[in-house]
Amino acid sequence: MFGLGNRTRIREIDPRALKTMLDAGTASVVDVREPDEFAAGHIAGAVNMPLSRFDPNSLPSANGKVLVLNCAGGRRSAAALGQCAAARVAVDTHLCGGIGAWKAANLPLVTGA
């Protein structure tokens with residue numbers, strides 16, 4: 001019974017749905033992996049905000065788009081969503097399976113910072 005009212009629903013989207021949203025201009029991506037992971041390959045246009053220094057109040061403005069968090073496999077982005085909920089920042093969506101799922105779907109990555 002305790003804490004049930006504080007649960008925040010996490011919305012997971014799959015790689016193809018995110019790609020469709022990006023192509024339509026209805027999503028923006030924030031990658032919460034560390035800078036070396038980000039530089040090795042990330043979704044085009046993603047902003048890097050490592051979980052180790054993550055501040056929900058510093059997220060970029062969504063400008064009417066869905067802000068989607070991603071990491072390597074989904075665990076860190078889910079943790080970042082928890083931080084968003086605690087800070088009462090209205091971000092509730094992450095990429096199910098992270099970059100691993102994105103790669104498995106044969107979707108493009110860019111390298112470098």
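The values are calculated or read from the model by the stated rules, or taken from the named source; none is laboratory data. Computed from a prediction, not measured in an experiment: that's the story for all the values here. Methodologically, a virtual Cβ is constructed for each residue, glycine included, from the backbone with ideal geometry; neighbour enumeration extends over all protein chains shown. Calculation scope for accessible area: heavy atoms of the full protein, side chains included, ligands and nucleic acids excluded. Shrake-Rupley method; radii C 1.70, N 1.55, O 1.52, S 1.80 Å.
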Residue list for region 38-71, filter: in contact (Cβ under 8 Å) with a residue 40 or more places away in the chain, open to solvent by 20 Å² or more (accessible area, probe 1.4 Å) and either assigned to a helix (DSSP H, G or I) or more than 21 Å from Gly112 (Cα to Cα) (or both): Ala39, Ala40, Lys65, Val66
Evaluation of Arg33 against (1) surrounded by 17 or more Cβ atoms within 10 Å (Cβ to Cβ); (2) over 24 Å from Thr111 (Cβ atoms) (one fails), failing number: (2)
Scan of region 88-103 for residues that are in a loop (DSSP other than H, G, I, E, B), in contact with an Asp or Glu (Cβ under 9 Å, 6 or more places away or on another chain) and open to solvent by less than 40 Å² (accessible area, probe 1.4 Å), ordered by number: Gly97
